[in-house]
Amino acid sequence: MKLAVLGAGAVGASVAELASQYGHTVTALADSQSAVVDPDGIDVSTALERKQTEGTVGDAEPDEALSGTYDVLVEATPTTLGEAEPGFSHVTEALSQDKHVVLANKGPVAERYSEVRKAEEASDGTVLFEATVGGAMPVLSTIADFDADKITAVRGVLNGTANFILSRMAAEGLGYEHVLAEAQDLGVAETDPSFDVDGTDAALKCVILANVLSEGTEFTLEDAVVEGIRDLPSSALDLATEDGKTIRLIGEVSDDGVRVGPRLIEENTALTVTGTRNIVQIETTHAGVLNISGRGAGGPETASAVFADIGRLPHEE
Amino acid sequence: MCRGDGLMSESEDVHAYTVRLELTDRPGELLRALEPIAETGGNLLSIFHERGNLTPRGDIPVEVDLEATPERFEAIVDALKAADITVIEAGSDRYSEEIVVVLVGHLVETDLSHTLSRIQEASGASIKDFALSAPEGEDAASSARLRMATEAGKGEEILGAIREIAAEKELSVIEPLGEVGR
Ligand SMILES: NC(=O)c1ccc[n+]([C@@H]2O[C@H](COP(=O)([O-])OP(=O)(O)OC[C@H]3O[C@@H](n4cnc5c(N)ncnc54)[C@H](OP(=O)(O)O)[C@@H]3O)[C@@H](O)[C@H]2O)c1
């Protein structure tokens with residue numbers, strides 16, 4: 001397939017770099033300032049080198065990426081709240097041209113799900129977004145395989161940064177600020193970690209899950225009850241540990257809605273993953289509980305989910 | 001434990017369990033729910049059929065007390081679920097459900113003993129043990145772990161009461177995560 005990749009950050013660059021290994025051709029790559037477009041396939045390594053040295057990927061305008069030749073738009077621009085722009089407009093623009101859309105960007109499917117679905121209905125294109133929930137882990141495709149109405153609840157650890165911080169705090173008895181600084185040095189936490197430690201990122205993933213599971217009722221971030229880990233003193237973790245338990249940032253999607261917050265859990269259960277690892281538990285009607293665990297973030301990891309989606313798109317050979 | 005009925009006599013480790021079910025209001029439903037218990041080798045002790053007390057969905061809540069080995073009890077719960085019978089709660093010893101929460105905030109300054117007695121009053125649960133950790137002096141947030149004993153099935157109610165009291169005192173509650181697969 002021919003791919004137009006919007007966003008040349010960790011995810012977009014990985015998608016562009018790995019596309020040929022999956023048998024795809026990148027015909028456009030754009031960042032916020034520039035684009036490189038070629039219907040026969042762009043020179044990916046030159047574009048990415050230029051991104052490194054000059055900060056731009058090419059000489060074309062970013063808009064040109066969307067109007068060029070491609071089968072699939074890969075949307076990997078920053079996740080934004082509310083209007084979910086520019087991602088949302090990218091999605092609807094591609095669909096109006098009857099192109100497929102594969103999202104890494106959570107914004108459009110978390111904040112404007114029914115509009116995205118409506119635009120998809122009016123288009124010959126299909127929208128998939130496995131990468132938006134749990135990076136490399138096949139969460140949405142598993143839900144689709146089991147059928148959303150045979151699933152009663154989903155919960156899990158959906159943010160690696162928060163999980164890293166809490167598991168370090170518990171293991172070392174260190175305070176939040178100390179562990180956060182360490183995580184930032186290691187590149188596990190961003191300079192502004194708000195999205196991760198305030199629970200927003202996990203909540204967006206849960207909202208997307210709720211949208212998929214509830215066919216009909218639309219959820220947005222506003223519908224989620226969200227609590228972060230910023231104010232958690234290490235004494236709380238100590239008390240949990242003393243009792244054979246620990247505290248993790250858990251996201252839950254059930255009949256009661258969407259909820260994200262620090263929760264007490266047993267120290268040695270499937271849910272108690274350590275470090276940046278993620279886990280999702282899917283409660284099914286006929287098959288008990290499924291655990292899916294793995295890397296929830298990272299460029300190549302997230303790109304893997306993007307390629308899995310591209311492989312699932314309807315296509316004529 | 002020595003017992004006459006063949007199926008149970010082979011196992012030593014028999015416990016009393018309470019299972020709470022919700023049955024649709026249809027003739028034969030109760031019988032259908034009891035079948036898996038008998039078939040799997042559980043020893044029925046009592047059935048409490050709360051007629052007239054319908055759930056919001058219009059179902060009839062039923063409480064079944066039985067004896068079985070832990071393995072058989074698990075098999076019974078699985079069989080009930082497989083028969084599409086709604087199992088609300090399944091546990092041993094119905095008065096021994098335990099809830100542990102951690103409270104975080106200015107616990108001492110907001111009158112801890114008052115907080116605890118209010119929680120006990122409002123929730124009807126008894127506080128089994130309590131641990132306080134306030135390592136960083138007066139200004140910093142401290143934490144307390146509360147372990148409460150309650151009747152099975154009352155967990156959500158108790159958490160609700162704790163949430164309310166905590167909100168009044170600007171404390172945060174770290175709640176336990178319920179079991180999956182209920
Ligand atoms: N990183 C992960 O592990 C991960 C996992 C799952 C999902 N995601 C989601 O995937 C998306 C990309 O993540 P990332 O980590 O790659 O982010 P990133 O490193 O911040 O990269 C974002 C890229 O989008 C570009 N961009 C911004 N506005 C644009 C516009 N209007 N048109 C075209 N490009 C535009 C940026 O351009 P400049 O370079 O010019 O600033 C940048 O190259 C986000 O929505 C994120 O939430 C990420």
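Values quoted throughout were computed directly from the atomic coordinates according to the rules given, and no laboratory measurement underlies them. Remember, predicted model here, so these are calculated numbers, not experimental data. Note that we place each Cβ from the backbone using ideal geometry, even for glycine, and neighbour counts take in every protein chain shown.
Taking the numbered list (1) free of Cβ contacts under 8 Å to residues at least 40 places away in the same chain; (2) within 23 Å of residue B:135 (Cα to Cα) in turn, residue A:234 passes all entries but (1). Among residues of the stretch A:89-115 that are more than 13 Å from the ligand (Cβ to nearest atom), those with a Cβ under 6 angstrom from a residue that is part of a strand (DSSP E or B), sequence gap 6+ or separate chain, pair up as A:99/A:73; A:100/A:72; A:101/A:73; A:101/A:127.
Checking each residue in the stretch A:182-234 for being assigned to a helix (DSSP H, G or I), within 27 Å of residue B:145 (Cα to Cα) and hydrophobic (A, V, I, L, M, F, W, C) picks out A:197, A:202, A:203. Remark: residue A:5 falls outside the filter, which requires a residue to be within 15 Å of the ligand (Cβ to nearest atom) and farther than 19 Å from residue A:100 by Cβ.
Residue check: residue A:11 meets all listed conditions (1) touching a Gly at 6+ places or on another chain (Cβ under 9 Å); (2) assigned to a loop (DSSP other than H, G, I, E, B); (3) within 12 Å of the ligand (Cβ to nearest atom) but one, namely (2). Here residue A:240 meets the list (1) within 16 Å of the ligand (Cβ to nearest atom); (2) part of a helix (DSSP H, G or I); (3) not aromatic (Phe, Trp, Tyr) almost entirely, failing just condition (1). No other residue among A:189, A:240, A:203 is over 19 Å from the mean Cα position of the chain (by Cα) and within 24 Å of residue A:168 (Cα to Cα) apart from A:240.
Can you tell me which residues in the stretch A:14-34 are outside any loop (DSSP other than H, G, I, E, B), under 15 Å from residue A:304 (Cβ atoms) and touching a Leu at 6+ places or on another chain (Cβ under 9 Å)?
First, pick out the residues of the stretch A:14-34 that are outside any loop (DSSP other than H, G, I, E, B): A:14-22, A:25-30.
Keeping just the survivors that are under 15 Å from residue A:304 (Cβ atoms) gives A:14-22.
If the condition is that a residue be outside any loop (DSSP other than H, G, I, E, B), under 15 Å from residue A:304 (Cβ atoms) and touching a Leu at 6+ places or on another chain (Cβ under 9 Å), then A:15, A:16, A:17, A:19 are the ones that fit.
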